[in-house]
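Peer 1: Take this structure, written in structure tokens, and hold onto it; I'll ask about it next.
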Amino acid sequence: MAIKRSIVERLFVMCVLLCIVQVNLAAEPAVKTRPHWLPLSQDDLHDPAITALNLLQNPSEALSKLPHEGSGNQVDWVKALEKGFIRPHINTGSNAEIKVLDLDVLRRNTGEMDMVLFPHKQHTEWLACSNCHDEIFKSKAGATKFGMFDILNGEYCGRCHGAVAFPLTECKRCHSVPRSPIVIPAQTQ
Ligand code: HEC
Ligand code: HEC
Ligand code: HEC
């Protein structure tokens, strides 16, 4: 019974992945679409009847000045930080320090997809080691076993990606390292 369910789950995940890839390919525009943010009065989150809404800044006013990215909230936050558009507070303490770690981890278990490069640098500019270690990820490359199904389920990378960091539809931002083609050695006769 348990085995049967896991096969059905796997098939379902494969279908979801294939659909997303197709939507992704079909939706890939020749020219990047212009960003568009709904005003707060139309975002279905704020009550348009409240007059104090006028006191709040509309997203388009703030976000249009930041580097554009065609998905999620339409801002490339990594570039925004790198280029100095934003300078987030580390915490409320005054003598907090950022410990940036420049260490890439390559995850190769990606089937037909390009491999996944996990960059510590871009993460540790925002996050403390303890946000990920050792509760979510072990501190040893390849030691944590997980796959795309877990990520789509909101685990591992999916704890943040698709929630507060760029969405999971952006396959290529994670699957960024092509496998080198297999070189078949010339036959010697
Ligand atoms: C956003 C999550 C995240 C943060 C924050 C993070 N790491 Fe990692 N770390 C990972 C992942 C993912 C791996 C790979 C784990 C695996 O492959 O099983 C990893 C692996 C490692 C490894 C093993 C590298 C190797 O080649 O074996 C070390 C060491 C490490 N992290 C140290 C740190 C330190 C120190 C910090 C803070 C400065 C930090 N990490 C912050 C996610 C994170
Ligand atoms: C936030 C980063 C991230 C995004 C975005 C992402 N993936 Fe993955 N994907 C991973 C990681 C990490 C693995 C596991 C690699 C490993 O274990 O070595 C993985 C594994 C996979 C695998 C291997 C089989 C499996 O079930 O694990 C496939 C296929 C896959 N991803 C497809 C996709 C597709 C299609 C998209 C876009 C719709 C996508 N991924 C988006 C990080 C991501
Ligand atoms: C604790 C939260 C968290 C986890 C867990 C996490 N990320 Fe991220 N990641 C972020 C944030 C925050 C950013 C920067 C904001 C953004 O790009 O949306 C980011 C950015 C990235 C980038 C963009 C780097 C660039 O140069 O543009 C990649 C690639 C990435 N993550 C891959 C992964 C992969 C793969 C995993 C799992 C192995 C993972 N992340 C797990 C929070 C997380």
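Peer 1: Could you please give the count of residues in region 151-184 that are closer than 13 Å to SER71 by Cα and acidic (Asp, Glu)?
Peer 2: Of the residues in region 151-184, 1 are closer than 13 Å to SER71 by Cα and acidic (Asp, Glu).
Peer 1: Oh, and also: Answer yes if at least one residue in region 62-79 is among the hydroxyl-bearing types (Ser, Thr, Tyr), closer than 30 Å to LYS145 by Cα and assigned to a loop (DSSP other than H, G, I, E, B), and no otherwise.
Peer 2: Within region 62-79, the first condition is being among the hydroxyl-bearing types (Ser, Thr, Tyr), and the residues that meet it are 64, 71.
This time we only want the ones that are closer than 30 Å to LYS145 by Cα, so: 71.
If we keep only those that are assigned to a loop (DSSP other than H, G, I, E, B) as well, we get 71.
Yes.
Peer 1: Keeping to region 125-151, report how many residues are part of a loop (DSSP other than H, G, I, E, B) and either in contact with a Pro (Cβ under 8 Å, 6 or more places away or on another chain) or not hydrophobic (A, V, I, L, M, F, W, C) (or both).
Peer 2: We begin by selecting, within region 125-151, every residue part of a loop (DSSP other than H, G, I, E, B); these are 125-128, 132, 134-136, 138-147.
Subsequent filtering for residues that are either in contact with a Pro (Cβ under 8 Å, 6 or more places away or on another chain) or not hydrophobic (A, V, I, L, M, F, W, C) (or both) retains 125-126, 134-135, 138-140, 142, 144-145, 147.
Count: 11.
Peer 1: Here's another thing I want to ask about it. Just checking, how many residues over region 169-182 are in contact with a strand residue (DSSP E or B) (Cβ under 7 Å, 6 or more places away or on another chain) and either more than 15 Å from ligand 1 (Cβ to nearest atom) or in a loop (DSSP other than H, G, I, E, B) (or both)? If you could, list the steps in order and put the result at the bottom.
Peer 2: Of all residues in region 169-182, those in contact with a strand residue (DSSP E or B) (Cβ under 7 Å, 6 or more places away or on another chain) come to 174-177, 179.
Narrowing further to those that are either more than 15 Å from ligand 1 (Cβ to nearest atom) or in a loop (DSSP other than H, G, I, E, B) (or both): 179.
Counting residues in region 169-182 that are in contact with a strand residue (DSSP E or B) (Cβ under 7 Å, 6 or more places away or on another chain) and either more than 15 Å from ligand 1 (Cβ to nearest atom) or in a loop (DSSP other than H, G, I, E, B) (or both) gives 1.
Peer 1: Now for a separate question. Can you find a residue in region 114-129 that is more than 16 Å from the chain's Cα centre (by Cα) and under 29 Å from HIS68 (Cβ atoms)?
Peer 2: Within region 114-129 (the criterion being more than 16 Å from the chain's Cα centre (by Cα) and under 29 Å from HIS68 (Cβ atoms)), the answer is yes, since at least one residue qualifies.
Peer 1: Just one of (1) over 18 Å from LEU168 (Cα atoms); (2) at pLDDT 90 or above; (3) within 16 Å of ligand 3 (Cβ to nearest atom) trips up GLN74, so point out which.
Peer 2: The one condition GLN74 does not meet is (1).
Peer 1: Return the pair list, or none, for Cβ contacts closer than 6 Å from residues in region 124-146 that are more than 20 Å from ALA165 (Cβ to Cβ) to residues that are at pLDDT 95 or above and within 11 Å of ligand 2 (Cβ to nearest atom), at least 6 apart or on different chains.
Peer 2: If the second residue must be at pLDDT 95 or above and within 11 Å of ligand 2 (Cβ to nearest atom), the pairs left are LYS138/THR144; ALA141/VAL105.
Peer 1: Something else: Of the conditions (1) away from ligand 2 (no atom under 11 Å from the Cβ); (2) crowded, with 16+ Cβ neighbours inside 10 Å, TYR156 clears all except one; give me its number.
Peer 2: Here TYR156 clears every test but (1).
Peer 1: Moving on. Six or more apart or on different chains, Cβ under 9 Å: which pairs go from a residue in region 62-84 that's basic (Lys, Arg) to one that's within 16 Å of ligand 2 (Cβ to nearest atom)? Could you list them?
Peer 2: LYS79/GLU69
Peer 1: Additional query: Just the residues that are over 28 Å from LEU63 (Cβ atoms) and either surrounded by 13 or more Cβ atoms within 10 Å (Cβ to Cβ) or within 8 Å of ligand 1 (Cβ to nearest atom) (or both), please, taken from region 85-103.
Peer 2: Within region 85-103, LYS99, LEU101, LEU103 meet the criteria.
Peer 1: Evaluate region 152-168: report whether one residue or more is part of a loop (DSSP other than H, G, I, E, B), more than 22 Å from ASP76 (Cα to Cα) and either modelled with pLDDT under 95 or not hydrophobic (A, V, I, L, M, F, W, C) (or both). If you could, list the steps in order and put the result at the bottom.
Peer 2: Initial filter on region 152-168 (part of a loop (DSSP other than H, G, I, E, B)): 153-155, 160, 162-164, 166-168.
Remaining after also requiring more than 22 Å from ASP76 (Cα to Cα): 153, 155.
Checking the rest, the ones that are also either modelled with pLDDT under 95 or not hydrophobic (A, V, I, L, M, F, W, C) (or both) come to 153, 155.
Checked against the condition, which is being part of a loop (DSSP other than H, G, I, E, B), more than 22 Å from ASP76 (Cα to Cα) and either modelled with pLDDT under 95 or not hydrophobic (A, V, I, L, M, F, W, C) (or both), region 152-168 yields at least one hit.
Peer 1: Could you tell me whether region 51-69 includes any residue that is near ligand 3 (Cβ under 10 Å from one of its atoms), modelled with pLDDT under 95, in contact with a Lys or Arg (Cβ under 9 Å, 6 or more places away or on another chain) and of a type in the set (Asp, Glu)?
Peer 2: Taking region 51-69 and keeping what is near ligand 3 (Cβ under 10 Å from one of its atoms), we get 69.
From what's left, modelled with pLDDT under 95: 69.
Those left that are additionally in contact with a Lys or Arg (Cβ under 9 Å, 6 or more places away or on another chain): 69.
Filter again for of a type in the set (Asp, Glu), leaving 69.
Yes, region 51-69 contains at least one residue that is near ligand 3 (Cβ under 10 Å from one of its atoms), modelled with pLDDT under 95, in contact with a Lys or Arg (Cβ under 9 Å, 6 or more places away or on another chain) and of a type in the set (Asp, Glu).
The values are calculated or read from the model by the stated rules, or taken from the named source; none is laboratory data. Just so it is clear, the structure is predicted and the values come from calculations on it, not from any experiment. When we count neighbours, we look across all protein chains shown, and the Cβ atoms used for this are built from the backbone with ideal geometry, even at glycine.
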